[in-house]
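Beneath this line is the structure, given in structure tokens, with notes to follow.
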Amino acid sequence: MELSSLILHNKWVLEIFYALLISSVCLIIFAKADRFFRLSSHQGIRYFRNAFFFYGIAFLVRYLFGVFSDFSFDFSEVLRVSFEYFLIMAGFFLLYSLVWKKFEFSEKDSSMFNGRIMIFHAIALVVAILDNLWGTYYFMFASQIIVFMCASLIACVNSIRNEKTHKFLSSYFIAMLLGLTAWILNFLVALFFNWRHFVLLDIGIINAIFFILFLYGVIKITKNGNKKT
Amino acid sequence: MATKKRERLDVIRDILNTVRENRQIKPTRLLYASNLSPQMFKEYVSELLSKKFIKLEIDGKEKKFFSLDKKGQSFLQEYKVIESFIENFGL
């Protein structure tokens, strides 16, 4: 009980700490992926890098959102739309990094503003604005549940096909399942549990594991690069 | 399509390995060693030159040679890491 009241009373401090932690994890993953992209010009790495760039920005915005919303600045609505937009874009980039080979034939396109990515920008913006108009997060939850269902399915197939040679693929699949679980729980807690704090805390932990699993994979692969991971 | 990008990275690795093994190599010899069409070879070489993976040198007799640049060396050193990264993240 004491722990619960401590958490509730320091909610915004915890949120800021959480947002900064996730942003830092994303920044490390982004930096590693960016280095590999600059050497290889590989489009998959490029979209993977973009995903963590957008996740990092989203959580930085969330940090600002946490600070400003507590002090009731009007600015908080802009931050809320931005947070949703960056988060949705990150999900799209993560999924696209798994399927880009089926859609792209030229590596000379911009990875941020080519025709296909512009569709993602438009969807993300519409979803964020609709959620803001309705005062909910349901559109974002629905879009991300669909994205993570597709990503989980692809990760599962990749894992079954190549698990023996590339062991991190099974962890990648687990990360995707965790991401999917977090989005489904988010949806349920908003719909049925009236944003109950302790379910939100569990979702926060699942999300943190999702990002740390990616960081673990990046560090492990970078370290054991000359062996097969 | 699935193997196209892999092949591209492999071609770059092969070209850079050939340049490294020879220290200095004439464009024609590199073309033969790379097993590419002249058009493809031209595209790869201009990409490698623009990225500063290789450099073009001209000796006293006005003969052209390619040699490995620092970025090319780091690509070769990190090639396995990059390959492993792509495969383990299903990219």
* Structure fact -> Restricted to the range A:162-192 and to residues being surrounded by 15 or more Cβ atoms within 10 Å (Cβ to Cβ) and free of Cβ contacts under 8 Å to residues at least 12 places away in the same chain, the residue farthest from residue A:95 (Cα to Cα) is A:162
* To do: Output the residues belonging to the range A:8-45 that are surrounded by 19 or more Cβ atoms within 10 Å (Cβ to Cβ), within 14 Å of chain B (Cβ to nearest Cβ) and polar (S, T, N, Q).
  => A:40, A:43
* Asked: residue A:195: outside any helix (DSSP H, G or I) and either surrounded by fewer than 20 Cβ atoms within 10 Å (Cβ to Cβ) or in contact (Cβ under 8 Å) with a residue 12 or more places away in the chain (or both), yes or no?
  -> yes
* To do: Please verify whether the range A:147-157 includes one or more residues that are out of contact with any Leu (no Cβ under 9 Å at 6 or more places or on another chain) and under 24 Å from residue B:86 (Cα atoms).
  => yes
* Hey, any hits in the range A:159-172 for a residue that's closer than 20 Å to residue A:12 by Cα and in contact with a Phe, Trp or Tyr (Cβ under 7 Å, 6 or more places away or on another chain)? -> no
* **Selected residue (criterion: farthest from residue A:142 (Cα to Cα)) from residues of the range A:160-176 that are within 9 Å of chain B (Cβ to nearest Cβ) and polar (S, T, N, Q)** => A:165
* Structure fact -> Checked A:217, A:179 against criteria (of a type outside the set (Ser, Thr, Tyr), away from every other protein chain (no Cβ under 11 Å) and within 25 Å of residue A:24 (Cα to Cα)); the one match is A:179
* Structure fact -> Within the range B:60-88, of all residues that are assigned to a helix (DSSP H, G or I), charged (D, E, K, R) and more than 12 Å from the chain's Cα centre (by Cα), the one farthest from the other protein chains (Cβ to nearest Cβ) is B:70
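For residues in the range B:1-23 being at pLDDT below 90 and of a type outside the set (A, V, I, L, M, F, W, C), which is surrounded by the most Cβ atoms within 10 Å (Cβ to Cβ)?
B:5
Table: residues versus (1) modelled with pLDDT of 90 or more; (2) under 23 Å from residue A:18 (Cβ atoms).
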| residue | (1), (2) |
| --- | --- |
| A:59 | yes, yes |
| A:93 | yes, yes |
| A:109 | no, no |
| A:116 | no, no |
| A:145 | yes, yes |
| A:150 | yes, no |
* When you go through A:95, A:153 one by one, which is the residue that is without any contact (Cβ under 8 Å) to a residue 60 or more places away in the chain, farther than 16 Å from residue A:51 by Cα and not acidic (Asp, Glu)? -> A:153
* Asked: If we scan the range B:45-58, do we find a residue that is touching a Gly at 6+ places or on another chain (Cβ under 9 Å), free of Cβ contacts under 8 Å to residues at least 40 places away in the same chain, of a type outside the set (D, E, K, R) and more than 7 Å from chain A (Cβ to nearest Cβ)?
  -> yes
* Asked: When both residues are 6+ apart or on different chains and their Cβ atoms are under 8 Å apart, which pairs have a first residue that lies in the range B:62-80 and is closer than 18 Å to residue B:45 by Cβ, and a second that is assigned to a strand (DSSP E or B) and among the acidic types (Asp, Glu)?
  -> B:64/B:57; B:65/B:57; B:66/B:57; B:67/B:57
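The values are calculated or read from the model by the stated rules, or taken from the named source; none is laboratory data. Computed from a predicted structure; not experimentally measured. Because the Cβ atoms are built from the backbone with ideal geometry, glycine has one as well, and the counts that use them run over all protein chains shown.
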